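The structure under discussion appears below in the form of structure tokens.
Readers should treat all values here as calculations from the given coordinates under stated rules, not as data from a laboratory. Owing to the predicted nature of the structure, the values given are computational and were not obtained by experimental measurement. Don't worry about glycine lacking a Cβ; one is built from the backbone with ideal geometry, like all the others, and counts go over all protein chains shown.
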């Protein structure tokens with residue numbers, strides 16, 4: 001059965017309970033990257049402009065481990081939303097209890113943001129009673145938290161049980177699903193995927209799934225070193241666990257179409273944060289560690305990408321957060337951004353790199369959920385999306 005999206009809902013005069021992903025980075029009580037809240041604004045405005053009587057927003061923030069920890073308060077998000085919407089946003093002390101139900105009976109109360117759901121251990125336990133207490137707040141439930149849709153948590157999964165025919169996906173969730181389905185179901189060829197990051201173990205199932213569908217699979221960043229070592233190359237002191245080498249060996253054996261492409265040169269240093277040096281060989285000296293792909297690898301990967309019609313990028317090519325090791329990631333970012341292709345970026349580090357590079361607006365779609373997008377590619381479904389079909 002198909003998911004219903006918010007533009008199919010009758011919102012007029014209704015109380016709408018909506019789950020978002022406001023898991024934003026904070027520093028000294030201020031949001032330092034507002035993009036996740038900004039991406040939620042179209043759904044929030046749609047609900048308000050289409051006659052909703054009340055809008056109750058909810059989200060998690062960080063990992064407070066089921067306890068109240070004000071370092072993870074959503075208070076700064078409430079302030080930011082009030083500023084962006086130019087309306088009062090009432091912020092509650094707790095997600096349940098503390099007079100929330102009574103607050104919603106007040107005539108002048110229109111927009112409410114609940115305190116961090118993860119202050120309650122029941123949220124991550126997918127507790128049915130906790131979900132029921134939340135569900136009391138709204139006539140209609142909207143899930144626009146794609147970044148949390150791979151979690152079987154109460155506000156994402158169990159809560160759908162209480163919304164027979166009145167559970168909907170938000171505008172952002174719809175965009176994410178449509179974009180990922182282009183990658184999964186009907187990618188224009190050639191289809192090139194770029195995978196980076198630190199651990200093969202974290203992405204092995206995604207890599208195995210991609211190997212079936214792609215024409216080329218570029219592997220860079222710290223993830224490349226176990227693959228190079230598995231092929232008999234020297235990787236020096238680069239990040240490379242024996243477990244990851246075993247997994248890389250298994251993947252290379254499965255690559256019967258020779259689709260995997262690895263770096264052929266590197267930017268290295270004696271230590272992380274050390275002076276960058278060029279290593280023109282695929283082999284890295286024993287006293288050096290790889291921290292970025294080199295110019296020949298950039299040229300090689302850019303050539304592979306030049307004819308691509310579909311590109312998926314998940315994971316940087318090096319430790320780009322240090323500008324000394326960012327050239328490879330930013331060069332590929334520029335290449336991808338200028339392609340005549342459908343280009344999708346997923347994963348926190350890749351999204352950060354796209355934003356810092358200045359090319360973010362040139363990508364076809366930037367996903368808000370790193371783990372969620374990888375799991376969707378791997379399985380073709382997510383618990384939080386599946387749950388929206390409970391009452392259809």
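Brief remarks on what is shown
- Residues 120, 365, sorted so that the one with the fewest Cβ neighbours within 10 Å comes first: 365, 120
- Relative contact order (percent, whole number), the chain, Cα cutoff 8 Å, 6+ residue spacing: 16
- Each peptide in 324-337, 240-253, 186-199, 295-308 gets a packing score, the mean of other Cβ atoms within 10 Å over its residues, and the list from highest to lowest is 324-337, 186-199, 295-308, 240-253.
- Cα centroids of the stretch 217-273 and the stretch 130-207: 31 Å apart.
- Helix-derived mean residue ellipticity, 222 nm - over the chain, DSSP H n ≥ 4, -39500 (n - 2.57), to 500: -10000 deg cm²/dmol
- Taken over the alpha carbons of the stretch 189-340 as equal point scatterers, the Debye sum produces base-10 log I(q)/I(0) values at 0.11, 0.15, 0.16, 0.20 Å⁻¹ of -0.37, -0.70, -0.80, -1.25.
- Computed from the alpha carbon atoms alone, the convex hull of the stretch 277-392 holds 134 Å³ per residue.
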